[in-house]
1. List pairs: first in the stretch 37-66 and touching a residue at least 12 places away in the same chain (Cβ under 8 Å), second surrounded by 13 or more Cβ atoms within 10 Å (Cβ to Cβ), Cβ under 6 Å, 6+ apart or cross-chain?
2. Collect the residues in the stretch 19-65 that are surrounded by 10 or more Cβ atoms within 10 Å (Cβ to Cβ) and aromatic (Phe, Trp, Tyr), keeping them in residue-number order.
3. Could you list, in sequence order, all residues of the stretch 40-66 that are within 14 Å of ILE23 (Cβ to Cβ) and aromatic (Phe, Trp, Tyr)?
4. Does THR16 count as among the polar types (S, T, N, Q) and loosely packed, with under 10 Cβ neighbours inside 10 Å?
5. Given THR19, THR46, which one is assigned to a helix (DSSP H, G or I), of a type in the set (Ser, Thr, Tyr) and touching a helix residue (DSSP H, G or I) at 6+ places or on another chain (Cβ under 7 Å)?
6. If a residue must be part of a helix (DSSP H, G or I) and either exposed (fewer than 10 other Cβ atoms within 10 Å of the Cβ) or touching a residue at least 40 places away in the same chain (Cβ under 8 Å) (or both), how many such residues does the stretch 1-13 contain?
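Nothing in this text is a laboratory measurement; each read-out follows from the coordinates by a stated rule. Worth saying up front: this structure is predicted, and the values here are computed from it rather than measured. All Cβ positions, even for glycine, are placed from backbone atoms using ideal geometry, and neighbour counts span all protein chains on display.
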Amino acid sequence: TFLAPIAMLLLFVFSTALTGSLIFGKPALLYLDGKKKDALTLLTYTLVIFFVITFISLLVLFLFNH
C-alpha cells in the first residue's frame, strides 16, 4: 500500500530528530551558556565515540559475513 513509504519516512524523520537532539542538544546549551570550550569538547568526544562504535559495528558485520 501507499502507507508503507510514508510510515518509513516518518520513522526516519523521528529517528533523525531524536538522534540530533541527543548529540547536539547538550553542547548547544553549553555553548549558549558561554561555555564554548566545554561545548566543543563534549561534541567532539560524542562524535568520536559515535564514529568508533559505528566503525566497530561495521567491522564486526564485515568480518562475520565473509
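1. The qualifying pairs are ALA39/PRO27; ALA39/LEU30; ALA39/TYR31; LEU42/PRO27; LEU43/PRO27; THR46/ILE23.
2. Once the filter is applied, which keeps residues that are surrounded by 10 or more Cβ atoms within 10 Å (Cβ to Cβ) and aromatic (Phe, Trp, Tyr), the stretch 19-65 yields PHE24, TYR31, TYR45, PHE50, PHE51, PHE55.
3. Once the filter is applied, which keeps residues that are within 14 Å of ILE23 (Cβ to Cβ) and aromatic (Phe, Trp, Tyr), the stretch 40-66 yields TYR45, PHE50, PHE51.
4. It is false that THR16 is among the polar types (S, T, N, Q) and loosely packed, with under 10 Cβ neighbours inside 10 Å.
5. Just one listed residue meets the conditions, THR46.
6. 3
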